[in-house]
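To keep things clear, I will list the structure first and then write my remarks on it.
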Amino acid sequence: MATSTASATATTPLPTTAELRVYNTLTRSKEKLVPLVPGKVGIYLCGPTVYKPSHIGHMVGPVIFDAIKRYLVYNGYQVTLVVNVTDVDDKLINESRARGIDMPTLAKEMTDDYMRNLAAMGVDSIDHFPRATDNMDEIVRFTQDLIDKGFAYPADGDVYFDVGRDSDYGKLSGRSVESMQGEGGDMAARKRSPHDFALWKGAKAGEPAWPSPWGPGRPGWHIECSAMSRRLLGESFDIHGGGLDLVFPHHENEIAQSESCHGKPQAKYWMHNGLMQAAGEVGKVGGRNTRTDEAPPADQATQEAGKMGKSKGASAFRDLLAQFRAETIRYFLLKTQYRSPIYYSEEQIKSDDAALESFYRFFKRFQRATGQDYYALEAPARRDQGDKHLAGWSAQGDAETKLRAQASEARRRFLEAMDDDFNSGAAVGVLFDLVRTLNKFIDSEKLDTGNKPTESAVAALTRATAVFRELALTMGLFRTPSPPLAGSGDDSLVAPLVELLIRVRAEARKAKNFAMSDMIRDQLAALGIVIEDRPGGTEWSRNS
């Protein structure tokens, strides 16, 4: 497999794009994205420790970086996205003991759960899911390299990284060596400095272990990612991602290991997404304390204290999927610029679910107006193709000319937002604006009244809707129709009950009992159900 450090070949297509900028945690500034190899981008994203079922916090990074990869591919880049799975760790050992099963069985069960949730969320662009237990030879080799170069030392079956040998330790987080809290217990007695951290841990009785030159044991957390990123992306690659809580110590220690070993930057850009917060309090669901909402939104300490986790109430993600459409949850995660915290509440997701109904209603209107299925509509897959799509649009009349200008302007604003550090929050706002524009065109041209529309008006609507689909697909939104929720028994009754009331209302109108008809309409509206009378019959949808 070609890595991001390989030489570009003459056949590698180069992106045709405006300037993309990314915020680099390392330099604390936005920088132009210039990959190490023209036209190629390698991304490593830190994944989960698989000891309990996934919760919504585990979906934040994968959804964000799935959208980032989609946008980079749209811009013409060849992208390799790697997300690791930590399947050996103290948490796994403790949980397997508590459940009375072996660690590999637990890890497989929880990894399968994670993969099912990613699939439900439409996260299907990840190229590699390396597992720590499948990379022990590489981890041992990396550790030995650090010992041979004088940056690590063995001690009674353990191996430690000598932090004092790394002159620029702390450059990512801004923390000094003195601010580190060393591990206590038996480990402290074996270390040269309390700040040194473990690369390899000698096996204790009853723990899983792998052979090594220093005796049976298992890797430390940080060395796993250094070893797996090197194997799959090379000694240097373009983007290293992860949650803001991983800046220290995990990513700081990765840098120390990788750059000491190779004498070059591990990653050119370090991108950190904001953390999931419990709405109403900035406190980790699972955090140590609660912080006030007065803190700056991107403040790392505040976000770490507010990160959602299990001990503060984050439920299993599969339970959330039973309540809400996966597309709604994906939209919820993308409607905020990725570096900002995401404030979680089920009420907010309900509100977002209602907001998305405006798109689903438009897709029905589009089909009535054009006879075409929105989800089967061909749309430009690359930025240069989108440019040609607009350039080849020959509008007729004032309304169509105006629609072309509005679609072009919406696309410009969308791309400008995404070019500026993947600002998906601003980009989804453009999608709402564009769908309102499309609805106004349908109204002005009377395209869904049952009368035969002009061919040029239908063609204009189709071309403008293709622009909308082009943009939505770069974020992985509205790819396919949302499947019905598994839901509860009550949920399954909603559709037939609404259909029954619509039939009762139709009978009331036929009998000229308009008071009854209006009452049914108003009561449904109060329950969040919108009904629309059209030439072909009455349709309903949830209120936005």
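I'd like the full set of residues that are part of a helix (DSSP H, G or I) and over 21 Å from GLY274 (Cα atoms), limited to the stretch 45-86.
First pass over the stretch 45-86, keeping only residues part of a helix (DSSP H, G or I): 57-74.
Matches in the stretch 45-86: VAL73, TYR74.
Only residues that are closer than 13 Å to MET59 by Cα and not in a helix (DSSP H, G or I) were counted in the stretch 93-125, giving 4. The residue of the stretch 362-380 that is most open to solvent (accessible area, probe 1.4 Å), among those that are part of a helix (DSSP H, G or I) and without any contact (Cβ under 8 Å) to a residue 60 or more places away in the chain, is GLN367. Does PHE237 satisfy the condition of being touching a residue at least 24 places away in the same chain (Cβ under 8 Å), out of contact with any helix residue (DSSP H, G or I) (no Cβ under 8 Å at 6 or more places or on another chain) and under 30 Å from LEU333 (Cα atoms)? In short, no. Screening LEU92 on (1) touching a residue at least 40 places away in the same chain (Cβ under 8 Å); (2) open to solvent by 60 Å² or more (accessible area, probe 1.4 Å) shows it passes everything except condition (2).
Out of curiosity, is SER517 within 30 Å of LYS452 (Cβ to Cβ), at pLDDT below 80 and surrounded by 13 or more Cβ atoms within 10 Å (Cβ to Cβ)? Show your work before the answer.
Details: within 30 Å of LYS452 (Cβ to Cβ): yes; at pLDDT below 80: no; surrounded by 13 or more Cβ atoms within 10 Å (Cβ to Cβ): yes.
Answer is no for this residue.
Kindly establish whether ARG411 is in a helix (DSSP H, G or I) and at pLDDT 95 or above. Spell out how you get there, then give the answer.
Numbers: in a helix (DSSP H, G or I): yes; at pLDDT 95 or above: yes.
Yes.
Can you spot a residue in the stretch 386-407 that is under 21 Å from the mean Cα position of the chain (by Cα) and either modelled with pLDDT under 95 or open to solvent by 20 Å² or more (accessible area, probe 1.4 Å) (or both)?
First, pick out the residues of the stretch 386-407 that are under 21 Å from the mean Cα position of the chain (by Cα): none.
No, every residue in the stretch 386-407 fails to be under 21 Å from the mean Cα position of the chain (by Cα) and either modelled with pLDDT under 95 or open to solvent by 20 Å² or more (accessible area, probe 1.4 Å) (or both).
The residues in the stretch 408-427 that are within 25 Å of PRO341 (Cβ to Cβ) and buried (at least 21 other Cβ atoms within 10 Å of the Cβ) can be counted, and the count is 5. Looking only at the stretch 311-361, residues that are outside any helix (DSSP H, G or I) and free of Cβ contacts under 8 Å to residues at least 60 places away in the same chain come to 1 in all. Selection over the stretch 150-178 of residues that are under 24 Å from ASP245 (Cα atoms), in contact (Cβ under 8 Å) with a residue 12 or more places away in the chain and not charged (D, E, K, R) gives a count of 9.
Looking for whichever is in contact (Cβ under 8 Å) with a residue 24 or more places away in the chain, open to solvent by 10 Å² or more (accessible area, probe 1.4 Å) and out of contact with any strand residue (DSSP E or B) (no Cβ under 8 Å at 6 or more places or on another chain) here; the options are ARG231, ARG192. Which one fits? Don't jump to the end; show me each part of the working.
Details: ARG192 fails: out of contact with any strand residue (DSSP E or B) (no Cβ under 8 Å at 6 or more places or on another chain).
Exactly one of ARG231, ARG192 is in contact (Cβ under 8 Å) with a residue 24 or more places away in the chain, open to solvent by 10 Å² or more (accessible area, probe 1.4 Å) and out of contact with any strand residue (DSSP E or B) (no Cβ under 8 Å at 6 or more places or on another chain), namely ARG231.
Can you name every residue in the stretch 192-212 that is among the small types (Gly, Ala, Ser), at pLDDT below 95 and under 21 Å from PHE248 (Cβ atoms)? I'd like the intermediate steps shown before the answer.
Let us first name the residues in the stretch 192-212 that are among the small types (Gly, Ala, Ser), namely 193, 198, 202-203, 205-206, 209, 212.
Narrowing the set further to residues that are at pLDDT below 95 leaves 193, 203, 205-206.
Scanning the stretch 192-212 gives a single hit, SER193.
For the stretch 438-456, the set of residues classified as in a helix (DSSP H, G or I) and either open to solvent by less than 30 Å² (accessible area, probe 1.4 Å) or more than 16 Å from TYR374 (Cβ to Cβ) (or both) consists of LEU438, LYS440, PHE441, ILE442, ASP443, SER444, GLU445, GLU455, SER456, listed by residue number. Within the stretch 213-227, the set of residues being surrounded by fewer than 24 Cβ atoms within 10 Å (Cβ to Cβ) and not in a strand (DSSP E or B) comprises PRO213, TRP214, GLY215, PRO216, GLY220, TRP221, HIS222. In the set ALA459, ALA472, only one residue is among the small types (Gly, Ala, Ser), assigned to a helix (DSSP H, G or I) and open to solvent by less than 10 Å² (accessible area, probe 1.4 Å); that residue is ALA472. Annotation note: Cβ proximity below 7 Å between a residue of the stretch 420-432 that is at pLDDT 95 or above and a residue that is in a helix (DSSP H, G or I) and β-branched (Val, Ile, Thr) (sequence gap 6+ or interchain) occurs for PHE422/ILE68. On inspection, ASP158 passes the criterion of being surrounded by fewer than 23 Cβ atoms within 10 Å (Cβ to Cβ) and in contact with a strand residue (DSSP E or B) (Cβ under 7 Å, 6 or more places away or on another chain).
Of the residues GLY150, GLY170, which is open to solvent by 20 Å² or more (accessible area, probe 1.4 Å) and either touching a Lys or Arg at 6+ places or on another chain (Cβ under 8 Å) or outside any helix (DSSP H, G or I) (or both)?
Working: GLY170 fails: open to solvent by 20 Å² or more (accessible area, probe 1.4 Å).
When all the criteria are applied, what remains is GLY150.
The values are calculated or read from the model by the stated rules, or taken from the named source; none is laboratory data. Being a predicted model, the structure only gives us computed values, none of them experimental. Glycine also receives a Cβ, built like all others from the backbone with ideal geometry; neighbour counts cover every protein chain displayed. All accessible areas refer to the heavy atoms of the entire protein, side chains included, with ligands and DNA or RNA removed. Shrake-Rupley method; radii C 1.70, N 1.55, O 1.52, S 1.80 Å.
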